[in-house]
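A quick write-up on the structure given underneath.
The values are calculated or read from the model by the stated rules, or taken from the named source; none is laboratory data. The shown structure was predicted, so the numbers you read here are calculated from the model rather than taken from an experiment. Cβ sites come from the backbone with ideal geometry, for glycine too, and all protein chains shown count toward neighbours. These area figures cover heavy atoms from the full protein model, side chains too; ligands, DNA and RNA do not enter into them. Shrake-Rupley method; radii C 1.70, N 1.55, O 1.52, S 1.80 Å.
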Amino acid sequence: MGIEAKDFSLDLDLLAYSGIVFSPEQRAALQTSLVILKEQYKFKTIHLWGKILGITEDYYIIQGRQKNELQDRQFLYSSDCINWNMLTPASDDAKELSPQCQGRFTGDPSHDFDVTKYTVSNEDTEEENVEEYKSQLREEERLAATLWKIEQDAIIIPRGSYVLQPNGNVERNRTFEGLTIIESGKLSNYFHFREPISLQQKSLIHRATLDKSLHFLDTIDEDVPKGWSVQYERGSGLVQIRSLKWPGMAFFHIPETNRYGSLYCGIGEENKDLPFML
C-alpha cells in the first residue's frame, strides 16, 4: 500500500506508533523525490513503500501505480533518498531462489548470493533422486523477489477503500468514509491488496452473494496461519495492524475517516517460525 505524497508528513507521524521513524533530512528528500518521480514517470499515484535494512546501506522503496492500481505497479529503490533506480520485476527463478538466500541484504545491488537449489526426479525408477546444484542470485534480483513476496502476504487495505470498475480497473473509492471503530478491529474487514487466490476457490453460490464492485479480493482473516495483530492507539482513534509473518510491516487506519496507509521497515526476511508461535 504505502503512504501517498499528499499525506506524507501526517502519515509518517502516525506510523511512529509502530516504531517507524525517519530523520528530518530523509523526510524532506523523500517528499521531494515523490513529487519529482511522479511527474518523471507519469504515475497516476505514487507511494513511499518502505525501507529494507541492509548491512552497509539501506534500500528506500517507492512504488508508482498507473490506472489499474492492482496490476500496474512499479518499484524504484535508492540508498540516499535522492538518486533512484527502476527495479525490474522479479523473475520466476528469482522468486524461487530468494527464500534460499542465506544472510541479510548487504546494501550493494550487485552483490551475488550463493544459493543451493534442489530438484527431485524419479525418472525410470521408483526411488526419488534429489539433485542439488549451486546457483547465484544478484541482490537486486533478490530485492525484487522479496518485495513481490511481501506484497503477496502483507499489503492490506480496508474493506470498501477500493472499487472494481466495470472495465476491470481497480481504483481508489472516492466515497470511502472509513470503517467504524467496531468494524476496524475485525480482520474480516481488511483485504489483501493483490490478485485474489482463495476467493476463486469459493463456491459460485457464495460469490453470487457478494457485491462484486467492493468484495473482489481475499480477506485477511482467512490466512493460514493467522498472521496479524490488531491494536488501538489514542483511545480508539487509531487502529494499528502488524504482520507477524513479515515483522516490520505496519498498517494504520483512523476509523470513520478515509485515512489509512502502511509502511514496511525491516530486514526483508519472513518469520518462518510463525506456525509454531501460534
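In this structure, is Asn83 part of a loop (DSSP other than H, G, I, E, B) and within 21 Å of His192 (Cβ to Cβ)? When the stated conditions are applied, Asn83 does not pass them. Of all residues in the stretch 121-152, those being within 24 Å of Ala90 (Cα to Cα) and at pLDDT below 75 number 0. Here the stretch 218-235 is the region considered, the condition is being surrounded by 14 or more Cβ atoms within 10 Å (Cβ to Cβ) and among the hydroxyl-bearing types (Ser, Thr, Tyr), and the residue that is farthest from Leu70 (Cα to Cα) is Tyr232.
If you go through the stretch 261-278 and keep only what is hydrophobic (A, V, I, L, M, F, W, C) and either part of a loop (DSSP other than H, G, I, E, B) or open to solvent by 10 Å² or more (accessible area, probe 1.4 Å) (or both), you end up with Cys265, Ile267, Phe276, Met277, Leu278. In the stretch 6-18, the count of residues that are modelled with pLDDT of 90 or more, among the charged types (D, E, K, R), open to solvent by less than 70 Å² (accessible area, probe 1.4 Å) and under 19 Å from the mean Cα position of the chain (by Cα) is zero. Scanning the stretch 23-72 for residues that are open to solvent by less than 40 Å² (accessible area, probe 1.4 Å), of a type in the set (A, V, I, L, M) and outside any strand (DSSP E or B) yields Ala29, Leu30, Leu34, Leu37, Leu70.
So, in the stretch 86-119, exactly how many residues are part of a loop (DSSP other than H, G, I, E, B), surrounded by 12 or more Cβ atoms within 10 Å (Cβ to Cβ) and without any contact (Cβ under 8 Å) to a residue 60 or more places away in the chain? Before the answer, list the steps.
Pass one, the stretch 86-119, residues part of a loop (DSSP other than H, G, I, E, B): 87-91, 101-111.
Remaining after also requiring surrounded by 12 or more Cβ atoms within 10 Å (Cβ to Cβ): 87-91, 101, 104-109, 111.
Retained after the next criterion (residues that are without any contact (Cβ under 8 Å) to a residue 60 or more places away in the chain): 88-91, 101, 106-109, 111.
Within the stretch 86-119, residues that are part of a loop (DSSP other than H, G, I, E, B), surrounded by 12 or more Cβ atoms within 10 Å (Cβ to Cβ) and without any contact (Cβ under 8 Å) to a residue 60 or more places away in the chain number 10.
Looking only at the stretch 243-258, how many residues end up being open to solvent by 50 Å² or more (accessible area, probe 1.4 Å) and touching a strand residue (DSSP E or B) at 6+ places or on another chain (Cβ under 7 Å)?
Restricting attention to the stretch 243-258, the residues satisfying the condition of being open to solvent by 50 Å² or more (accessible area, probe 1.4 Å) are 244-245, 247, 256, 258.
Now restrict to residues that are touching a strand residue (DSSP E or B) at 6+ places or on another chain (Cβ under 7 Å): 244, 247.
Total meeting the criteria: 2.
Contact annotation: residue pairs with Cβ atoms under 7 Å, 6 or more positions apart or on different chains, pairing a residue in the stretch 13-36 that is among the polar types (S, T, N, Q) with a partner that is assigned to a helix (DSSP H, G or I), are Gln31/Ala5; Gln31/Phe8. Restricting the first member to the stretch 175-195 and to residues that are over 23 Å from Gly227 (Cβ atoms), and the second to residues that are in a loop (DSSP other than H, G, I, E, B) and acidic (Asp, Glu), the beta-carbon pairs closer than 6 Å and six or more apart or on different chains are Gly178/Glu256.
In the stretch 265-278, the residues that are modelled with pLDDT under 80 form Cβ pairs under 6 Å with partners that are crowded, with 16+ Cβ neighbours inside 10 Å, at six or more places apart or across chains, as follows: Leu274/Gly227; Leu274/Leu244; Leu274/Lys245.
Let me confirm something: among Glu57, Glu69, Glu39, which residue is among the acidic types (Asp, Glu) and in contact (Cβ under 8 Å) with a residue 60 or more places away in the chain? The conditions single out Glu69.
For the stretch 23-47, filtered to residues that are of a type outside the set (D, E, K, R) and within 19 Å of the chain's Cα centre (by Cα), the residue that is farthest from Gly266 (Cα to Cα) is Phe43.
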